[in-house]
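The values are calculated or read from the model by the stated rules, or taken from the named source; none is laboratory data. It should be emphasised that the depicted structure is a prediction, and the values quoted were computed from it without experimental measurement. Don't worry about glycine lacking a Cβ; one is built from the backbone with ideal geometry, like all the others, and counts go over all protein chains shown. Heads up: the accessible areas ignore ligands, DNA and RNA and are worked out on the full protein's heavy atoms, side chains in. Shrake-Rupley method; radii C 1.70, N 1.55, O 1.52, S 1.80 Å.
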Amino acid sequence: QVQLVESGGGLVQPGGSLRLSCAASGSISSFNTMAWYRQAPGKQRELVASMTSGGIRNYGDSVKGRFTISRDNAQNAVYLQMNSLKPEDTAVYYCYLGQLRGTSWGQGTQVTVSS
C-alpha cells in the first residue's frame, strides 16, 4: 500500500511561479518512476513531467522550458517547480508513482492561473 500526499497548489497570476511537492509513504521499491499529471475541466489527464529513480526526466511538450521536476529518493518525494505559468496551466495536478508492484495516485491539488 502506497500513499501520496500533494501540497503547494493555489492561485497565481500569469507569469508567476508555484512549487508542488509530493510525499510518498508505504511499500516503495528502490526502482520506480514518480511523475506529475494534470487534468483540466473537460479534458483528459495528461503527463506533465516524470522522473525515474535513476534520474531520467521526461516533460510534456507544453511545459518544456518552464517546469522542472526533481526528486529526493531518500525521502521518497517529488517536486515540480512551475515558472512562467499560463492560464492554460490551470488544472488539478496529480502525483503518480509507478513500480513493478503497481501504480499509485495522489488525491490532487488545484492550480489556478488567473489575473
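For every residue, the table says whether it meets (1) touching a residue at least 60 places away in the same chain (Cβ under 8 Å); (2) touching an Asp or Glu at 6+ places or on another chain (Cβ under 9 Å); (3) farther than 18 Å from residue 113 by Cα.
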| site | (1), (2), (3) |
| --- | --- |
| 9 | yes, no, no |
| 23 | no, yes, yes |
| 29 | yes, no, yes |
| 53 | no, no, yes |
| 59 | no, no, yes |
| 64 | no, no, no |
| 67 | no, yes, no |
| 71 | no, no, yes |
| 78 | no, yes, yes |
Report summary line: When (1) modelled with pLDDT of 95 or more; (2) out of contact with any helix residue (DSSP H, G or I) (no Cβ under 7 Å at 6 or more places or on another chain) are applied to residue 101, the one that fails is (1)
Query - Unique match (being under 19 Å from residue 109 (Cβ atoms), within 11 Å of the chain's Cα centre (by Cα) and surrounded by 18 or more Cβ atoms within 10 Å (Cβ to Cβ)) among 12, 48, 63 - result: 48
Report task. Mind listing just one residue for me: the one in segment 40-60 that is touching a Ser or Thr at 6+ places or on another chain (Cβ under 8 Å) and in a loop (DSSP other than H, G, I, E, B) and, of those, farthest from residue 89 (Cα to Cα)? Result -> 53
Requested in this report: Out of 45, 71, 101, report the one residue that is closer than 24 Å to residue 11 by Cβ and charged (D, E, K, R).
Outcome: 45
Query raised in the report: Tell me, which residue of segment 15-39 that is hydrophobic (A, V, I, L, M, F, W, C) and assigned to a loop (DSSP other than H, G, I, E, B) is least open to solvent (accessible area, probe 1.4 Å)?
Result: 28
Report task. Quick one: which strands (runs of 3 or more DSSP E) lie wholly within segment 76-115 and hold at least 2 residues that are open to solvent by 10 Å² or more (accessible area, probe 1.4 Å) and within 18 Å of residue 2 (Cα to Cα)? Result -> 91-99, 102-105
Report summary line: Only one of (1) at pLDDT below 95; (2) in contact with an Asp or Glu (Cβ under 9 Å, 6 or more places away or on another chain) does not apply to residue 41, and that is (2)
Query raised in the report: Residues of segment 28-52 being over 13 Å from residue 71 (Cβ atoms) and polar (S, T, N, Q), which ones?
Result: 29, 39, 44
Report task. Name every residue in segment 66-75 that is outside any strand (DSSP E or B) and exposed (fewer than 14 other Cβ atoms within 10 Å of the Cβ), in order of residue number. Result -> 74, 75
